[in-house]
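Asker: If you scroll down you'll find the structure; I have some questions about it.
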Amino acid sequence: MAGALRTVGRRLRRLPWPHTLRARLTAGLVVLLAVSCAAVGVAAVVELDGFLTGRLDQQLTEVGTQFPASLEHKGQTLTDHDADDRERGDTRRQAPHTFGARLVNGVVTNSGVVPADKDDTTTDLKVPLTARDRRELAEVPVGGTARTIHLSALGKYRVLAAKGRDGDVMITGLPLESVDAAVHRLETVAAIVFGAALLITGFAGALWVRWSLRPLSRVAATATRVSELPLASGEVALPPRAPESDPRSEVGQVAGAFNRMLGHVEDALTHRHASEERLRSFAADASHELRTPVASIRGHAELALLHPDPVPPKVTRALERIEAESARMGVMVDEMLLLARLDAGRPLERRPVDLTRLVLDAIADARAAGPDHRWALQLPEEPVTVTGDAHRLQQVLANLLANARLHTPAGTKVTVSVETGAEATSLVVHDDGPGVPTEVQPGVFERFTRADRRRTEGRGGGAGLGLSIVAAVTEAHGGSVGLESRPGSTTFTVQLPSRGVL
């Protein structure tokens, strides 16, 4: 039993149930109406069938056993072989198609049916009975209630049995054809009427549900517009609130709660934007103010190193470290100032840039800085030109090559290639080094992200701003940057719009 229930449950789950609330409400309304119509129809059919059958039983009681008694042959029992010698039954005051039969000791001895034309004296009244018919007639209870049997030659009949004067049994029957016809007609009419009612109710119910759920549809439309907004950064203007309906209804309560949530989200975004602006302003101001003291520290260190008087070796070493760290701090300050300007949306230059020339110069600088690496080029035969800021694009190339040099061992091959397309130009930097750790890859373009601090210490490593500058400059040019890395293969791909696109 449990297995059968699970099977039914699985089959029900596979049915194509409606997914939207509107469709479910409409389907539920139609299903409830269909169940109600079916219950009313079944009750009406059962009641009509019982009523007409009761009337037929009443007619059987009124008719009595006159017709079957008239089939009895005076003085002898008739069989099928001497049926031609019997007397004709009395059909007076009998309804057409009335059936009569006489049984002696459970055996049918006489049977007949009133013809449609009672005045026709030529028609034989005898009814051919099969063995099953005789068995059913013999099972009709004497003096009991009427019952329904099926005669092979006549169809369904309602029959009533009573004892005769000679100890025999007289059975009278009336056809159920008129009852069945009335019941079938009611079934047909009910099916047509209820079917039309279901169609009309389904259509009207769909319109009513659609009208009732309009506020919910507006809430969904507002939520869709909010989901399409860039909420990650910058100032965000949320769309108008969803119109609220009656707060006493569930839909009105949902709309009200949704609007209050949007108000909280808007306040949070406003505070976040103000905080970002303050932080961006602080970073820009601090970077700008730090440039002068850092340059001054570096200048004094260089001046001290140029002093002609003898200086103790420890002091010389300290001055050299001060000069190196001040130079590193100067680069960091410049990078932070650049990121602050890019965050503030400062426009870049929009001029034709010979990307091929930038790549050649960048490779030359990389060879000088990393002679222990193998540097390769793959360039198209014709010069490649894009629209943008030449200085910033040169910085993108320098940062990518410096990243490949600092994070790969000596002997690593670094290949720079340029690929042109109809809408975009790709700048690809590939190396066969150990690769970027998997846990670092999702945030590799975020600020202050460093894959291996130990490797870059003492080798001129930055503060983890190089790749974030690559991403920021590329996005400012309307492009994108991506990373694919595994042990033995790391590829940075910069996509820039072609010259004719901007």
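Here, each number is a calculation from the coordinates, and none is a lab measurement. Please read these numbers as outputs of a predicted model, since none were measured by experiment. Because the Cβ atoms are built from the backbone with ideal geometry, glycine has one as well, and the counts that use them run over all protein chains shown.
Asker: If I take R0 = 35 Å and measure r between the Cβ atoms of A196 and L21 in this structure, what FRET efficiency does the formula 1/(1 + (r/R0)^6) give, to the nearest 0.05?
Answerer: 0.85
Asker: While we're on this one: Can you figure out the FRET efficiency of T148 with R185, using R₀ = 22 Å and their beta-carbon distance, to the nearest 0.05? Could the numbers behind the result be given before it?
Answerer: On the way: r = 19 Å, r/R0 = 0.87.
That pair, T148 with R185, gives E of 0.70.
Asker: Using amide H atoms built in the peptide plane, which far-off residues or other-chain residues are under 5 Å from W375 H to H?
Answerer: V414
Asker: Could I ask something else about it? For the stretch 53-65, just list the computed ³J(HN,Hα) in residue order, Karplus coefficients 6.51, -1.76 and 1.60, θ = phi - 60°, integers in Hz, with x standing in for Gly and Pro.
Answerer: Residue by residue, the stretch 53-65 yields 5, x, 4, 5, 5, 5, 5, 4, 5, 5, 5, x, 10 Hz.
Asker: Given labels modelled 7 Å from the Cα in the Cβ direction, how far is it in nm from E439 to A410?
Answerer: Between E439 and A410, the label points sit 3.0 nm apart.
Asker: Going toward the positive end of the dipole of the stretch 350-497, with +1 on Lys and Arg Cβ and -1 on Asp and Glu Cβ, which of A404, S489, V359 do you reach last?
Answerer: Checked the options; the winner is A404.
Asker: If you don't mind, there's one more thing I want to ask. Please give the contour-minus-distance gain from T385 to A223: 0.36 nm per residue of separation, less the Cα-Cα distance, rounded to one decimal in nm. List each step's numbers first, then the result.
Answerer: Numbers: separation 162, 0.36 × 162 = 58.32 nm, distance 4.27 nm.
Difference between extended and current length: 54.0 nm.
Asker: Under a point-charge model restricted to the Cβ atoms of Lys and Arg (+1) and Asp and Glu (-1), what is the dipole moment magnitude of the stretch 350-497 relative to its Cα centre, in debye to the nearest 20?
Answerer: For the stretch 350-497, the charge dipole is close to 500 debye.
Asker: Find the Cα radius of gyration of the stretch 350-497, compare it with 2.2 N^0.38 Å by division, and give the number to two decimals.
Answerer: 0.98
Asker: Let me ask something additional. Once label points are set 7 Å from the Cα along Cα→Cβ at both D354 and A34, what is their separation, rounded to one decimal in nm?
Answerer: Output for this residue pair reads 7.7 nm.
Asker: Using θ = phi - 60° and the Karplus form 6.51 cos²θ - 1.76 cosθ + 1.60, what ³J(HN,Hα) does each residue of the stretch 131-145 get, whole Hz, x for Gly and Pro?
Answerer: With the stated coefficients, the stretch 131-145 comes to 4, 5, 4, 4, 5, 5, 5, 5, 8, 5, x, 7, x, x, 7 Hz.
Asker: Given points 7 Å out from each Cα along the Cα-Cβ axis, report the E266 to E423 separation in nanometres with one decimal.
Answerer: According to this spin-label approximation, the distance is 3.5 nm.
Asker: If Lys and Arg each add +1 and Asp and Glu each add -1, what is the summed charge of the other residues whose beta carbon sits under 14 Å from the beta carbon of F492?
Answerer: Computed value for this residue: -2.
Asker: Between S178 and S212, what is the FRET efficiency for a Förster distance of 35 Å, r being their Cβ-Cβ separation, to the nearest 0.05? Could the numbers behind the result be given before it?
Answerer: Values: r = 49 Å, r/R0 = 1.39.
The computed FRET efficiency comes out at 0.10.
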